[in-house]
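Nothing in this text is a laboratory measurement; each read-out follows from the coordinates by a stated rule. All figures in this text were calculated on a predicted structure; none of them were measured in a lab. With ideal geometry, Cβ positions are generated from the backbone for all residues, glycine too; neighbour counts draw on all protein chains shown.
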Amino acid sequence: MYRILQLQVQTKIEDLLKERYGISLANLAMELPPKIELGEIALPLAFELAKRLKKAPRLIAQELQPAFAEIPGISSVEIAGAGYLNLKLDRPSMVQRMAADEHASVGGRGFRLVEHTSINPNKAAHVGHLRNAILGDTFARMLKKDEYKPGWETGVQNYIDNTGVQVADIVVAVTNLLGLSLDGVRAWMEELRRQGTRLDYACWDLYAQVSQWYQADAPRLAERRQLRLDTLHAIEAGGNDMAEIADLIATGVLRRHLETMERLGIEYDFLPRESEILHLHFWERARSLMIERGVLYLETEGKNKGCWVMRRAISAATGVELSADGPDEDAKIIVRSNGTVTYVGKDIAYHLWKFGLLGKDFGYAKFRSYPSHTCWVSTTHGAGVGSDQQPTSESHPVRGFGHADAIYNVIDSRQDDPQTQVKESLRALGYTEESDAFTHLNYAFVGLTTRTAQELGYVLSEEEKARNFIEVSGRKGFGVKADDLIDRMIEAARKEVDTRHPELELAERDEIARTIGVGALRYFLLRFTRNTVIAFDFQEALAFDGETGPYAQYAAVRAANIFRKAGVEETDALEDMALLDPKRDLAPLLEGEEGAGIWEVWLTASRMSLVLEQAIAAAEPAILARYAFLLAQQFNNFYPRHHILTETHPTRKTLLLSTAAVARRELVRVLGWLGIGVPAAM
């Protein structure tokens, strides 16, 4: 609702400037005053116009003041200081319109493709992977159509590097450390299944072991490195036992990853695999296009001689725009002198596909069925190894996924430079709009607090105990597996639920604990801005006080309890607001100090569309997480000040009930975008 008024004020400003002064402003600043008594919208417009009009700001403010008072929903306009225009909203009107669920529309045309998770399918997911997946899932929820917003058509994909060096390491481990053949690997996987041992957990230990094995015998170091390289090349080539072993293990681990993520409410639409990018020759098509347009060229001198390179737009070392004269020592190598394609080269081809610019597409097969949709996997012809079913006339999504109008890649900050090069390659190829529609949602890594590391059983040195956080390492086998972390969060929440609600049925307590544990984990990994290093801490994440998921959930549960005890439906309380007279009934109750306290809840709730737009524009879910906390805080401040259930004045009780209803409604919505449910009790 607040955003609707903002847009009306913006339109009024544009019209006024054009009619009165014949000018326009590129950016129209609107601020939220620091104190509610100053109003709800502050305009520094007069200061922005002062130099252009050669007038004092206050004089300009006086000229504009009457026009803003004409906007529906604005009750008065005051001039503050040297020329600020402070707009005060018509509180009764706003409250009634909000109760009727009037809000700004968020969404638009075009297909948004969000890629996240992208865990190497060689071992169990860990806490660092969860930050990626939760960030991406939340951002996709912010974009998608739902009951609140039209949103955008959105596809969620999870890139699977099933032919990379990490998968090669696992193949080396099972064939050399375990001494297994292809049939032996099948038998080993079946034995793990019978024992109830997860494949991704078994591979976690094997990956750490093989990483140490490579370095364990110095005289054989070169031999083992060559074995690793030969295994990688065999997997990339396909059609051999090593490639089949890789596919068996990678597909099995991928299934475990999807199960882990589904515990957190994370689902996917498409799983593009690197094996198909190789076998469908995506890179060859991209290479031809890049050479044709002069983006890729063979370097004939200097340190990159013999390599196919792409000139950087900006020097990685100095940040200065590069000259086109002479050999570019800072050029990005796309194809090495030995003919192998770099990660960036394959990624350029992949992103040309994403934007529908490659002239090729994957084959598709059904891989996993979610309650609401199908998750597809890439194949070369319509059904691939490990797919749930053979190809049929229906085993293909209607449009596929390679037709994005905007893409968002959730990849950690260590990939900043490669992502920049992919973006710049699109621009160099002439795809300027697509380059501008390419967003890298980078993020910093996740470690563990020393307290949490010790709770997990890790023995720390005195030096490690003095650190702010402990960094996880899959190669060293040091870290917390995602499922173990989820289990610990739910277990801790369960102890609290059992203490508070022993009267509830076991199944109900289980569900409440799951909702709280998952909510606590998701909120903790979302509350920090993306480029903040996180030190994960069990106790802090699960706290019921402070900026945590349980705190926000508790506010929503608290509001629900009001209606349960009152025997009133939330929707009925909101509908009753339409029966009140704004001036006679509502205006007196929204004035003064007590009225301002009630109004602040409504004002905070009214800003949800605006905050959502800001979070999407900044690609920063932390903005939304912070808003959820502020809304919960506003309600928790309101709740003890007003005795809603014992209120005897009918009009006042209607307002108080509807205040609780609107706070809960918006809180449930914003928590939903964060992927956090609201439990039945806390």
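Using the alpha carbon gyration tensor of the range 2-41, what are the three equivalent-ellipsoid semi-axes (square root of 5 times each eigenvalue), largest first, in whole Å? Could you put the intermediate results ahead of the total?
Values: eigenvalues 104, 22, 16 Å².
They are 23, 10, 9 Å, listed from largest to smallest.
Modelled label-to-label distance, residue 337 and residue 79, 7 Å Cα→beta-carbon offset: nm?
Placing both labels 7 Å beyond Cα along the Cβ direction yields 7.4 nm.
Give me the Debye-computed log₁₀ of I(q)/I(0) at q = 0.08, 0.22 Å⁻¹ for the range 15-155, equal point scatterers on Cα only, no solvent, two decimals.
-0.42, -1.23
To check you understand DSSP bridge types, tell me what percent of the beta bridges within the chain (both residues inside) are antiparallel, rounded to 5.
Details: 28 of 50 bridges.
Within the chain, antiparallel bridges account for around 55 percent of the total.
Return the Rg/Rh ratio of the range 444-542 with Cα-based radii and a Kirkwood Rh. Mind showing how you got there, number by number?
Working: Rg = 15.1 Å, Rh = 14.6 Å.
Here Rg/Rh amounts to 1.03.
Between residue 506 and residue 192, 0.36 nm times their residue separation minus their Cα-Cα distance comes to what? Can you show the working numbers first?
Working: separation 314, 0.36 × 314 = 113.04 nm, distance 3.06 nm.
Value of the extension gain: 110.0 nm.
Please work out, to two decimal places, the log10 of the ratio I(q)/I(0) at q = 0.13, 0.18, 0.20 Å⁻¹ from a Debye calculation in which every Cα of the range 543-673 carries one identical scatterer.
Reported log10 I(q)/I(0), two decimals: -0.54, -0.98, -1.17.
Counting residues in the range 2-89 as N, plug N into 2.2 N^0.38 Å and put the Cα Rg over that result. Don't skip to the answer; put the middle values down first.
Details: Rg = 11.9 Å, N = 88, 2.2 N^0.38 = 12.1 Å.
Relative to the 2.2 N^0.38 Å estimate, the range 2-89 comes out at 0.99.
Okay, which of the range 418-459 sit inside 16 Å, backbone N to the point 7 Å along the Cα-Cβ direction of residue 471?
Within reach of a label on residue 471: 443-450.
Which values, in whole Å and largest first, are the semi-axes of the equivalent ellipsoid of the chain obtained as the square root of 5 times each eigenvalue of the Cα gyration tensor? Don't jump to the answer; show the numbers that get you there.
Numbers: eigenvalues 502, 236, 100 Å².
Gyration-tensor ellipsoid for the chain: 50, 34, 22 Å.
Determine the gain in length on full extension of the stretch residue 614-residue 487; use 0.36 nm per residue of separation and subtract their C-alpha separation, reporting nm with one decimal.
Details: separation 127, 0.36 × 127 = 45.72 nm, distance 3.38 nm.
Fully extending the segment from residue 614 to residue 487 adds 42.3 nm.
Out of all Cα-Cα pairs in the range 152-238, roughly what percent, to the nearest whole number, are more than 15 Å apart?
So the portion of pairs separated by more than 15 Å is 65 percent.
Quick one: P(r) of the range 416-467 from all Cα-Cα pairs, 10 Å bins, percents rounded to integers, in order of increasing distance.
That works out to 21, 27, 12, 17, 19, 4, in percent per bin.
Residue 26 to residue 217: extension gain in nm, 0.36 nm per residue of separation minus the Cα-Cα distance? Walk me through the numbers before you get to the answer.
Working: separation 191, 0.36 × 191 = 68.76 nm, distance 6.54 nm.
So the chain would gain 62.2 nm between residue 26 and residue 217.
Between residue 445 and residue 16, with labels modelled 7 Å along Cα→Cβ, what's the label distance in nm to one decimal, could you check?
5.3
Tell me, what is the FRET efficiency for residue 575 and residue 533 to the nearest 0.05, using R0 = 56 angstrom and their Cβ-Cβ distance as r? Before the final figure, lay out the partial values.
Numbers: r = 48 Å, r/R0 = 0.85.
Given R0 = 56 Å and the Cβ-Cβ separation, E is 0.75.
In nm, to one decimal, how far is the residue 463 label point from the residue 433 one, both placed 7 Å along Cα→Cβ?
5.6
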